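The values are calculated or read from the model by the stated rules, or taken from the named source; none is laboratory data. All figures in this text were calculated on a predicted structure; none of them were measured in a lab. Don't worry about glycine lacking a Cβ; one is built from the backbone with ideal geometry, like all the others, and counts go over all protein chains shown.
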Amino acid sequence: MFTFLIILIALIGVIMTFIVLVQAGRGGGLAGIASGGSTTQILGARQAPDILEKATWTLAVLFIVLCILTNFAIDTAESQESIIQERAQEEQTVPPAPPGTQETPAQPPATTPQQNGGGQ
């Protein structure tokens, strides 16, 4: 479900980008290419921009709603914790050493030349 929503959001984004680029802005935009003199007379001067504007608003609202719904579609059971969180949990489960004892590695006893029998 999550993957389907992400693909749908991506498609809506591409379509919305195309529609926004086609709209005639204050400078004319790409919509001026298709609307020659005869097209304006047939469709009317304001009909095409209204359709593109409605399509833009509809796709924008759909885009935002799907983005919000995608948050609820994320399956949190499959997500893994980060290594930092795992180590923090391990440290909490390991009991601390008693304060009087120190963990030092065992060292062999120091030998003197007299104990070895190698004196002069």
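Details
- Residues that are of a type outside the set (V, I, T), within 30 Å of I19 (Cβ to Cβ) and modelled with pLDDT under 85, drawn from the range 58-112: A73
- Filter pass, I19 being assigned to a helix (DSSP H, G or I), in contact with a Cys (Cβ under 7 Å, 6 or more places away or on another chain), surrounded by 10 or more Cβ atoms within 10 Å (Cβ to Cβ) and at pLDDT 70 or above: no
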